[in-house]
1. For the stretch 331-350, what are the residues that are over 14 Å from L304 (Cα atoms) and under 30 Å from the mean Cα position of the chain (by Cα)?
2. Identify, please: which residue in the stretch 29-41 is open to solvent by 20 Å² or more (accessible area, probe 1.4 Å) and not in a helix (DSSP H, G or I) and is, among those, modelled with the highest pLDDT?
3. Quick check: anything in the stretch 220-229 among the aromatic types (F, W, Y), open to solvent by 30 Å² or more (accessible area, probe 1.4 Å), over 15 Å from L407 (Cα atoms) and out of contact with any helix residue (DSSP H, G or I) (no Cβ under 8 Å at 6 or more places or on another chain)?
4. Would you confirm whether or not the stretch 270-282 contains a residue that is polar (S, T, N, Q) and assigned to a helix (DSSP H, G or I)?
5. Kindly evaluate G452 against the criterion of being open to solvent by less than 10 Å² (accessible area, probe 1.4 Å) and assigned to a helix (DSSP H, G or I).
6. Give the stretch 298-332 a look and list any residue that's in contact with a Pro (Cβ under 8 Å, 6 or more places away or on another chain) and either in a loop (DSSP other than H, G, I, E, B) or more than 22 Å from L356 (Cα to Cα) (or both), or say none.
7. Could you give me the residue pairs with C-beta distances under 7 Å whose first residue belongs to the stretch 90-117 and is touching a residue at least 12 places away in the same chain (Cβ under 8 Å) and on the phi > 0 side of the Ramachandran plot, whose second residue is in a loop (DSSP other than H, G, I, E, B) and open to solvent by less than 40 Å² (accessible area, probe 1.4 Å) wherever it lies, and which are 6+ apart or on separate chains?
8. Regarding the stretch 184-191, can at least one residue be identified that is within 27 Å of N378 (Cβ to Cβ), of a type in the set (S, T, Y) and either in contact with a Ser or Thr (Cβ under 9 Å, 6 or more places away or on another chain) or modelled with pLDDT under 85 (or both)?
Amino acid sequence: MTTIPPQNSLATAPKTHNFNAFHTVCIIGHRTTGKTTTARQIAQILGWEFIDLDAHIESLEQKTAAELVAENPARFRALEIQQLTEITHKPTTTPRIISIGAGCQQLPSGPLYVWLERDGWQETARTERQRLFPELDFDTELQSMISEREPRWQAAAHIRYRTPRTRTPERTATHLATLIQLAANAHQSPVAQKTYLVPTNDAHFTRALHDANALGMAGVELRSDFFPQIPQSPSTLQSANTLASLRTHDPGWLNAFPRNTALDIDLEFLPAALASPDFSTRRPTRFLLSTHPSSVQATDIDALLTAARQLESSHLHVTTQLVLKYAPFVETIADLKRALTLTQKLQNLGYTTTFLPQNPRFFWLRPLLAHGFSRPANATNYMPVGISTPAATNPKNWQHYDLQKWLPHLTSQTINSFDALIGDPVDTSIGEIWHRAFAEPAESTEPNTQHGYVAIPIAPEDLPETLPLLHQLGFRGLSVTSPLKRAILEQPNIKNIENLPAANTLRRTPEGWTATDTDFDGMTAALQHLQQSGIQPGPTAIFGRGGVSPAITRALTQNGWPLTHHISARAGWPANNTPKYHLIINAGGPGTSNAHQNPPQTKAWIDLHYNDVAPAPTHKLHLAGDIFFDAQARAQRKFWQQTNQ
């Protein structure tokens, strides 16, 4: 076990730790994804202890892990579980990062688990596998590794981080160190202290009790529709902070909870609860009277108000901590505006409220509501347990804003302004962490200001209604992605003072928005990196016409890179393509595999995305979008800081 001192050249996260939070972090994932290298870098950034579980076992057994596996695979797996359990349960005065082998068959509860993925790991794992076990069929084992290990990691992981093949371990470690530090500081957050974890099964409940305590949350919400029978757990309901939510007509379900348990009762089931003799003896620490209508109607607010007033006159003992929770399904932007107005009515009458739009399309609003940005803050907040599964795997996945998405918002003391990425799709965006890890520390001119950042799915046809709402809500700036870069300039109240043909960045003004295009800054930074690496300007080709920002071509021109060809991604490279380039820019995005089919020779290759980055064909230097997006994000934040004009 080694404690590694921090290296200031990598350190961007604060060197503080709350020992009531997660004190052990485990890096899990397939072999050759860089777990050990990344874990060591994270330890250097945070000044934490670093432990390589394989190396730890090797020191105990005086044999290499490969030798131990070859001698007795079952014994080695048992050693992994034994040593990992002992290490994670051993008291420590220094937090630690542990790198765990991919084959570890049991992950003890307690640590914060980070599932590290790296594009192309199968290729390097194949080479490593053949070196160690050449007699076995790799393709068969590959499917076995995925089917046997990934469900275990999905169940345990708090963070799932995907890194492209071109991203350096240092950058990956910096991103992950930022997320880990946020989790370590969660106890200091007022948002965490009013957030409930919402399990949907018994296994989730056991984990939720631990995670809610580790993150300093309000507790765990148990819903009667999810848990008709109260789950068994090592932590009893007497000692757990729970919110008992009645979602069925059986008020006797509440009898399992202590009398002072916080309650959430839906209007539909309130009459049955009031008729129960048990109800008169309850003194809940918090009482939520809620409604979950399938549409936005004023009558639902009226019914909520009527029930609240009746309770205040007949059951005052449960309403001293009364919260009115309005959780309608919101279909459109117009519905969302009406729902916000109806919630304001409750607040104007003096009621503490929680407003939760149920459509996942509008989950981006929840961080704003939790922090009270531009309106009174929600009294309660809710998160799922663990990391979300893809909708294709779990169609009932009710919450895409999981812990990983919530961490930047969950742990901020006070968010003074919000920025947003707008476009469609935006679900793979890591903008929250990108801005937090790299761009936000540069805002030294605003030392007492914290900025939130959310991703908002908007189709072009939604712009006329959505842009005014975002202005009304007080967003400071917007990052615009395809397919909105041209359409955005056609909207009212957009100042296009640079006479741009397309824009990717908007800054709020009193009347509307001012536009610019920071793709120019991103492309310029990437080109400068090429020249610093010895690639001089020369013939350039862009693969992919759709969504290519004019600012990119402007950056090429101004930096002396002649654009000689612009190739359609749909058509692909010409069959008899013989030109040689100094640079090819793949602007086709993830999944455009025809960019790699019969490409011409080039000295450098740039992918303008950071997911699903395939190996570049013939090239001297391969860049993904990291350098581009770094410079772009810094330019955006500098633009957003400027005085409104």
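The values are calculated or read from the model by the stated rules, or taken from the named source; none is laboratory data. A quick note: this is a predicted structure, and the numbers were derived from the prediction, not measured. Here Cβ is always computed from backbone atoms with ideal geometry, including for glycine, and neighbour counts include all displayed protein chains. These area figures cover heavy atoms from the full protein model, side chains too; ligands, DNA and RNA do not enter into them. Shrake-Rupley method; radii C 1.70, N 1.55, O 1.52, S 1.80 Å.
1. E331, T332, I333, A334, D335, L336, K337, R338, L340, T341
2. The extreme case among them is G34.
3. Scanning the stretch 220-229 turns up at least one residue that is among the aromatic types (F, W, Y), open to solvent by 30 Å² or more (accessible area, probe 1.4 Å), over 15 Å from L407 (Cα atoms) and out of contact with any helix residue (DSSP H, G or I) (no Cβ under 8 Å at 6 or more places or on another chain).
4. At the first step, the residues of the stretch 270-282 found to be polar (S, T, N, Q) are 276, 280-281.
Checking the rest, the ones that are also assigned to a helix (DSSP H, G or I) come to 280-281.
Yes, the stretch 270-282 contains a residue that is polar (S, T, N, Q) and assigned to a helix (DSSP H, G or I).
5. no
6. To start, the set of residues in the stretch 298-332 that are in contact with a Pro (Cβ under 8 Å, 6 or more places away or on another chain) comprises 300, 318, 321, 327-330.
If the condition is that a residue be in contact with a Pro (Cβ under 8 Å, 6 or more places away or on another chain) and either in a loop (DSSP other than H, G, I, E, B) or more than 22 Å from L356 (Cα to Cα) (or both), then V318, Q321, A327, P328, F329, V330 are the ones that fit.
7. Pairs that qualify, where the first residue is touching a residue at least 12 places away in the same chain (Cβ under 8 Å) and on the phi > 0 side of the Ramachandran plot and the partner is in a loop (DSSP other than H, G, I, E, B) and open to solvent by less than 40 Å² (accessible area, probe 1.4 Å): there are none.
8. Scanning the stretch 184-191, I find at least one residue that is within 27 Å of N378 (Cβ to Cβ), of a type in the set (S, T, Y) and either in contact with a Ser or Thr (Cβ under 9 Å, 6 or more places away or on another chain) or modelled with pLDDT under 85 (or both), so the answer is yes.
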